[in-house]
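Colleague: After the structure tokens below, expect a handful of questions from me.
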Amino acid sequence: MHRYTRISFSVILAVFAIMLVISGAYVYAQSQLERYHELDYLTDYTYMNEETNTLVRIYVDGDTRYFETNVLPDHETGNFPNPGNPHTLSAQDLRFTTPAEPEVADEITEVGLGKFGLALNGVPFEREAAEWYNRDRDSGWQYDAFGGGVQLGFDLNNAHVQPSGLYHYHGVPDALIAEEDPEEHPLLVGYAGDGFPIYLYYSYEDPEDTDSDIISLTPSYQLREGNRNGGPGGTFDGTFNEDWEYVEGSGDLDECNGRTGSTPDYPDGTYYYVLTEAFPRVPTCWSGTIGEGWSPPQPGRR
């Protein structure tokens, strides 16, 4: 069954590529989460935007959820290439899987340099940037994408482009939630690589009580105190990922920027991740078992 589905998706991608060549440019329209929520994104979801040539397919078959996307954003982007990002945005052909009924695993899995999850519009979320102190991976000091130590050419959606042409988010994408009121109720924006849903940072104060107040959820990462030992030296000021540490209970969320509770989409409760305005913004780890295509797994800490 999946062989025929994938052939069909590839054919559509080819048609869209021809349309791009003919048009020579993108025509952007402001996106709203309502567009996606009108579709059955929990089981069988196909989203096409003729103005931007966006194409996404998310569907469940058996115990697996499948994702297929050409990664063309359905909203306005910044100019690419730009001084901080010399790459040109282009269509992709990405496919992923996750468990359809995810479960929290015994150990977490680090995301590292990879795709944490996928937005409902088919654009990936990524946490880390491939930038290290003195350009040395072994230095032990990796620049935070928003720490100010490197300029990565982000647009207003906290996104930029990889050398392959892949557009991706490193934080909350403003255009994705345009004209939405995130303080009204929790907003589902995508799925993580382990199958659990991803929400914006506004949710219920009491995670089990959908009648409780809506609050802005805070992560449980804090800046370390004192000075760095070796490497770049200086104080822990957030320039590097290693400037931060997880302090259990200091915020609303766990080490993977998630928690368990009820949401409008999952009234009986689920574990879910949260995109936050503060570090780490996009979660650093998965709490469940990841599917195929997201990134090479790395040793867990739980």
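The values are calculated or read from the model by the stated rules, or taken from the named source; none is laboratory data. What you see is a predicted model; the values in this text were computed from it and never measured. In this analysis, Cβ positions are derived from the backbone assuming ideal geometry, glycine residues included, and neighbour counts consider all displayed protein chains. Note: areas computed on protein heavy atoms with side chains; ligands, DNA, RNA excluded. Shrake-Rupley method; radii C 1.70, N 1.55, O 1.52, S 1.80 Å.
Colleague: Find the accessible area per residue for the stretch 124-213; the probe is 1.4 Å, ligands and nucleic acids are left out, and the unit is Å².
Modeller: 41
Colleague: Looking at 186, 291, 161, which one has the Cα that reaches farthest to the positive end of the dipole of the chain (charges on Cβ: Lys, Arg +1; Asp, Glu -1)?
Modeller: 161
Colleague: Positive end of the charge dipole of the chain (Lys, Arg +1 and Asp, Glu -1 on Cβ, about the Cα centre): tell me which of 117, 257, 143 has its Cα farthest that way.
Modeller: Selected residue: 143.
Colleague: Just order 282-292, 70-80 by mean Cβ neighbour count inside 10 Å, highest at the front, would you? Walk me through the intermediate numbers first.
Modeller: Details: 282-292: 23.4, 70-80: 20.9.
Going by the mean number of other Cβ atoms within 10 Å, highest first, we get 282-292, 70-80.
Colleague: Another question about this same structure. Most fluctuating residue of 272, 41, 133 in a GNM of the chain with Cα springs under 10 Å: which is it?
Modeller: Answer for the Gaussian network model of the chain: 133.
Colleague: Compute the Cα gyration tensor for the stretch 64-169, then decide on rounded, prolate or oblate, letting a ≥ b ≥ c be the square roots of its eigenvalues: rounded whenever a/c is under 1.5, prolate when a/b is larger than b/c in the other cases, and oblate in all that remain.
Modeller: It comes out oblate by the Cα gyration axes.
Colleague: Can you list the HN-Hα couplings for the stretch 129-145, worked out from phi with the Karplus curve (6.51, -1.76, 1.60; θ = phi - 60°), rounded to whole Hz and with x for Gly and Pro?
Modeller: The phi angles translate into 10, 7, 9, 10, 4, 6, 6, 10, 4, 8, 6, x, 9, 9, 5, 6, 4 Hz.
Colleague: OK, next. Can you list residues whose amide H is under 5 Å from residue 71's amide H, if they're 5+ apart or on another chain and H is modeled 1.01 Å from N?
Modeller: Long-range HN contacts for residue 71: 55, 92.
Colleague: When the chain is treated as a GNM, springs tying every alpha-carbon pair under 10 Å, which of 127, 137, 259 comes out with the largest mean-square fluctuation?
Modeller: Looking only at 127, 137, 259, the biggest GNM fluctuation is shown by 137.
Colleague: Here's a follow-up. Read through the labelled values (i) 19.1, 58; (ii) 38.4, 121; (iii) 19.7, 61 and report the label of the one computed as Rg and Dmax of the Cα atoms in Å from the structure.
Modeller: Step by step, Rg and Dmax of the Cα atoms in Å for this structure corresponds to label (i).
Colleague: With θ set to phi - 60° and the Karplus curve 6.51 cos²θ - 1.76 cosθ + 1.60, what are the ³J(HN,Hα) couplings of the stretch 70-77 in order, to the nearest whole Hz, using x for Gly and Pro?
Modeller: My calculation for the stretch 70-77 gives 9, 6, 8, x, 9, 8, 5, 10 Hz in order.
Colleague: What does the helix-only formula give at 222 nm for the chain: each DSSP H stretch with n ≥ 4 adding -39500 (n - 2.57), the total divided by the residues, and the result rounded to the nearest 500 deg cm²/dmol? List each step's numbers first, then the result.
Modeller: Values: 2 runs with 27 residues, N = 302.
Using -39500 (n - 2.57) per qualifying helix, the result is -3000 deg cm²/dmol.
Colleague: Can you tell me how much longer the chain between residue 104 and residue 213 gets when fully stretched, taken as 0.36 nm per residue apart minus their C-alpha distance, in nm with one decimal?
Modeller: Extra length available between residue 104 and residue 213 comes to 36.6 nm.
Colleague: Further question: Residue by residue through the stretch 211-223, which ³J(HN,Hα) values in whole Hz follow from phi under the Karplus form 6.51 cos²θ - 1.76 cosθ + 1.60 (θ = phi - 60°), with glycine and proline marked x?
Modeller: 9, 6, 5, 8, 10, 8, 6, 10, x, 10, 9, 10, 5
Colleague: Taking amide H positions as placed 1.01 Å from N in the peptide plane, with prolines and chain starts having none, which residues 5 or more places from residue 289, or on another chain, fall under 5 Å of its amide H?
Modeller: It is 103, 105, by chain and number.
Colleague: Here is a further query. So who's got an amide H within less than 5 Å of the one on residue 206, skipping anything under 5 residues away but keeping other chains? H placed 1.01 Å off N, in plane.
Modeller: Close amide H contacts, sequence-distant or interchain: 212, 213.
Colleague: Assigning unit charges at the beta carbon (Lys, Arg +1; Asp, Glu -1) and nothing else, what dipole magnitude in debye, to the nearest 20, does the chain show about its Cα centre? Walk me through the intermediate numbers first.
Modeller: Values: 16 positive and 50 negative charges, 330 e Å.
With only Lys, Arg, Asp and Glu charged at Cβ, the dipole is about 1580 debye.
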